[in-house]
Amino acid sequence: YKAAQKLGKKALEKAVYSKNGFVPQLMDNRNDWPFALGEAFSNVGHFQGAPDPEGKTTVENMAQRQAKGVASAQARDSLGICFLHGASNDNEMLVSALNAITGLKFDMQRYLDTGLRSITQMRLYAIKCGHKKENDSLSARYLSAPVRGMNKGKALAEYFPQIRQEYYKIMGWDEEGVPLTETLRSLGLK
């Protein structure tokens, strides 16, 4: 991103990045829209969400799946566990292990609310530091249609604004991506 800025407009059109310069991991994520969205909406600068190994995500349920996945992803990340490790997406097992290790009495809702609370706090801090809706984005090329793979010829750019707005709504944020007062109250945040 930084090099492309120095090289000019044509280089920026070809650069692949999310946010203001993060480079996607390992593969062309234009064929993995849930992963791409996990980078666009992340508060931590890299993928944040739930992978979709079964391929059940559709354009219609993408925002819902991302919002649901980000709560469990942040709760898992708070435990210091990477989603690439084995059964790390087995939330029931993680809650059971958390309770066994700490003696706490988490149920699934409390576990997910912990993730949402953390996401919301990070979001509020980012906004305080100048984060805007435009920062929840991907580069033009990242949003473009890949030339091969399961999304061959389909561009995420066509759906991205709608998915982002729906994601904000599900997360309890306004149209600019700012958490609503009711959302803060429901999570016990002042």
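The values are calculated or read from the model by the stated rules, or taken from the named source; none is laboratory data. All values derive from a computational prediction rather than experimental measurement. Note: ideal-geometry Cβ built from the backbone for every residue, glycine included; neighbour counts use all protein chains shown. Accessible surface is based on the protein model in full, side chains and every heavy atom, while ligands, DNA and RNA are left aside. Shrake-Rupley method; radii C 1.70, N 1.55, O 1.52, S 1.80 Å.
Some values worked out for this structure:
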quantity	calculated
Test: residue in the stretch 38-52 that is within 22 Å of F160 (Cβ to Cβ), at pLDDT 85 or above and among the aliphatic types (A, V, I, L, M)	yes
Meets criteria (free of Cβ contacts under 8 Å to residues at least 24 places away in the same chain and assigned to a helix (DSSP H, G or I)) for E182	yes
Residue tally, condition open to solvent by less than 50 Å² (accessible area, probe 1.4 Å) and at pLDDT below 85, over the stretch 58-68	1
Filter result (of a type in the set (A, V, I, L, M, F, W, C) and at pLDDT 80 or above) within the stretch 69-83	V70, A71, A73, A75, L79, I81
